[in-house]
Amino acid sequence: MAESTTHQRPIMGWDKPELDLSNAQWQSSSRGLGDVQIAFVEGFIAMRNSGSPEKPSLIFTPAEWGAFVSGAREGEFDLT
């Protein structure tokens, strides 16, 4: 039987495990108005779109998460 042509290779430099997010405790912003949810799982931070929870989540190491939060606080991602 031929190998599936839809098989995707891992992204180069991807060193994060595949996490089981089925029992993750997702959190929204304190106001509950945002579309972004995060969960802390096995020492990593997962982020997803609450409007499409079936789609893949972004996975951050603690260092990556810290850099992301710092950048957000400093306005790095604000639209100009």
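Name the one entry in Ser70, Ser57 that is over 14 Å from the mean Cα position of the chain (by Cα) and not acidic (Asp, Glu).
It is Ser70.
Is there a residue being in a helix (DSSP H, G or I) and either surrounded by 10 or more Cβ atoms within 10 Å (Cβ to Cβ) or modelled with pLDDT under 85 (or both) anywhere in segment 42-64?
yes
Please specify each residue of segment 32-80 satisfying the condition of being farther than 24 Å from Ser22 by Cβ and not hydrophobic (A, V, I, L, M, F, W, C).
Gly66, Ser70, Gly71, Arg73, Glu74, Gly75, Glu76, Asp78, Thr80
The values are calculated or read from the model by the stated rules, or taken from the named source; none is laboratory data. Since the model is a prediction, treat every value here as computed from it, not as a measurement. Don't worry about glycine lacking a Cβ; one is built from the backbone with ideal geometry, like all the others, and counts go over all protein chains shown.
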